[in-house]
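Undergrad: For reference, the structure I am asking about is given below.
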Amino acid sequence: MVMAQCLFTLIKTSDPHAMIDVLAPAWSLPLLQRMPEVSNAIVMPLGHGVWDLKTRYHLGKSLREKKYTQAILLPNSFKSALIPFFAKIPKRTGWRGEMRYVLLNDVRILDKKRYPLMIERFMALALPPFATLPKDYPIPALKISEDTQKAALAKYNLTNDLPILALCPGAEFGPAKRWPLEYYAEIANEKLNAGWQVWLFGSKNDIPVTEEIRTLTNGKAINLAGKTQLEEAIDLLELAGMVVSNDSGLMHIASALQKPLIAIYGPTSTGFTPPLSQKAKTLSLSLDCQPCFERTCPLKHERCMRELTPRMVLDAMTAFETSDKMRA
């Protein structure tokens with residue numbers, strides 16, 4: 001969803017009067033509300049993988065009155081093309097996939113070498129076939145409300161009077177993408193000793209990991225995992241002076257907030273979904289077995305994560321801080 005903002009921005013750049021409505025899961029609304037390019041968010045009532053043709057038909061039928069001129073489909077599934085078809089949107093654009101020729105009338109054939117990045121594949125759908133993408137890609141940029149930010153600080157009894165290190169040690173994809181929690185704890189203790197605050201972010205699934213990190217800091221790190229709503233996590237991440245994260249959704253949010261970011265890559269590749277910010281630095285070892293794109297290490301050694309040491313991350317953080325001082 002964060003990377004889709006590149007598409008929204010490209011559309012608005014080409015046509016400032018374009019009205020962009022986004023059909024998306026309810027959980028993503030806080031992200032869409034922070035994208036000024038989006039006119040309206042429409043809640044997709046069905047979960048991933050659910051067919052429910054009746055609900056899809058009625059939702060599509062209800063959208064006919066909007067008189068949309070084009071639907072751009074980012075998923076490649078057959079199911080995703082049903083609602084725009086039922087809505088009778090005259091131009092329905094998407095990449096070829098799952099035999100959905102009947103549902104789309106502007107079918108594109110993806111050249112993965114021409115468009116290696118996910119954002120390129122998204123943006124290409126807004127342009128005529130084979131058109132050249134702009135040289136300077138638009139990057140995600142979420143807008144923060146000071147009022148909601150203050151409310152989040154008050155709710156969790158937080159202050160921003162000391163510099164904040166945000167750690168995002170989770171990864172929904174699987175354990176292979178998780179940098180060792182003891183490494184995160186070492187980073188946390190280093191910055192705590194230097195007078196920083198450390199805030200731990202993540203979902204409910206990340207609580208065991210973040211709680212162990214908190215324990216390894218003698219309770220000094222503040223564990224927000226599983227407590228914050230997505231909108232609160234976005235607002236609080238914006239206050240961070242530095243973010244260290246696995247390749248995850250929170251990483252892309254931190255990047256869209258233009259935070260100094262160290263993004264740790266193991267089994268995945270920066271060649272497809274890198275953080276889209278000049279303030280982001282990616283760290284990866286480039287071993288022969290990388291990237292494997294597996295949820296668990298097929299070789300059982302997890303070298304791509306374990307051999308990427310805390311010292312490497314701390315050195316990258318120091319380089320950020322030094323460059324900031326030089327600019328000041």
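A short reminder: the numbers here are calculations on the coordinates, not readings from a lab. Since the structure is predicted, the reported quantities are computational estimates derived from the model, not experimental observations. Here the Cβ is made from the backbone with ideal geometry for all residues, glycine too, and neighbour counts use every protein chain on show.
Undergrad: At 30 Å minimum axial length over the Cα atoms and a Kyte-Doolittle cut of -0.5, report the qualifying DSSP H helices in the chain, or say none. Please report the intermediate quantities before stating the final value.
TA: Numbers: long enough: none.
Helices meeting the criterion: none.
Undergrad: According to the Kirkwood expression over distinct Cα-Cα pairs, how big is the hydrodynamic radius of the stretch 125-265, in Å?
TA: Final number for the Kirkwood radius of the stretch 125-265 is 15.9 Å.
Undergrad: Further, regarding this structure: Test of understanding: ordering Y115, Y137, Y101 by Cβ neighbours within 10 Å, fewest first, what list do you get?
TA: Lowest to highest Cβ neighbour count: Y101, Y137, Y115.
Undergrad: Would you mind checking K191/K279; K135/K177; K150/K227; K113/K143; K135/K281 for any pair whose Cα atoms are more than 25 angstrom apart?
TA: Flagged as over cut-off: K135/K177; K113/K143.
Undergrad: Considering only DSSP beta bridges whose two residues both sit in the chain, what percent are antiparallel, to the nearest 5?
TA: Given both bridge residues lie in the chain, the antiparallel proportion sits at roughly 0 percent.
Undergrad: Rounded if a/c is under 1.5, else prolate if a/b beats b/c, else oblate: with a ≥ b ≥ c from the C-alpha gyration tensor eigenvalues square-rooted, which is the chain?
TA: prolate
Undergrad: So how far, in whole Å, is the C-alpha centre of the stretch 122-192 from the one of the stretch 68-86?
TA: 29 Å
Undergrad: Follow-up. If you take every residue apart from K66 with its C-beta less than 15 Å away from the C-beta of K66, what net charge results, scoring Lys and Arg +1 and Asp and Glu -1?
TA: Here the charged neighbours net out to +4.
Undergrad: Excluding residues on the same chain fewer than 8 positions from K66, give the lysines whose Cα lies under 24 Å from its Cα.
TA: Cross-link targets: K12, K54, K79, K88, K91.
Undergrad: Then there is this: Could you line up L239, L314 from fewest to most neighbouring Cβ atoms inside 10 Å?
TA: Going from least to most buried by this count: L314, L239.
Undergrad: Right, something else. With Cβ to Cβ distances under 9 Å as the rule, what net charge do the other residues near P175 carry (K, R +1; D, E -1)? Don't skip to the answer; put the middle values down first.
TA: Working: positive: K177, R178, R295; negative: E302.
Residues near P175 contribute +2 overall.
Undergrad: Quickly rank 294-302, 82-90 as a protection proxy: mean count of other C-beta atoms within 10 Å, highest first.
TA: 82-90, 294-302
Undergrad: Suppose every K and R has +1 on its Cβ and every D and E has -1 on its Cβ; what is the size of the dipole of the stretch 4-124 about the Cα centre, in Debye to the nearest 20?
TA: 300 debye
Undergrad: Excluding A254 itself, what net charge comes from residues whose Cβ is under 11 Å from its Cβ, given Lys and Arg +1 and Asp and Glu -1? Write down the numbers at each step before the final one.
TA: Details: positive: K259, K279; negative: E238.
Net of charged neighbours comes to +1.
Undergrad: If you take the charge dipole of the chain about its Cα centre, with +1 on Lys and Arg Cβ and -1 on Asp and Glu Cβ, which of G49, T296, A254 is farthest toward its positive end?
TA: Positive-end residue among those listed: G49.
Undergrad: Before anything else, pin down the relative contact order of the stretch 191-291: Cα pairs under 8 Å, at least 6 apart, normalised by residue count, whole percent.
TA: Relative contact order for the stretch 191-291 comes out at 19 percent.
Undergrad: At most 13 other Cβ atoms within 10 Å and a DSSP loop assignment: could you name the chymotrypsin sites (Phe, Trp or Tyr not before Pro) in the stretch 207-308 that fit? Let's see the in-between values first.
TA: Values: sites: Y265, F272, F293; in loops: Y265, F272, F293.
Filter output for the stretch 207-308: F293.
Undergrad: To the nearest 20 debye, what is the magnitude of the charge dipole of the chain about its Cα centre, counting +1 on the Cβ of each Lys and Arg and -1 on the Cβ of each Asp and Glu?
TA: 1220 debye
Undergrad: Of V38, V22, V243, how do they rank once you tally other Cβ atoms within 10 Å and put the fewest first?
TA: The order, fewest Cβ neighbours first, is V38, V22, V243.
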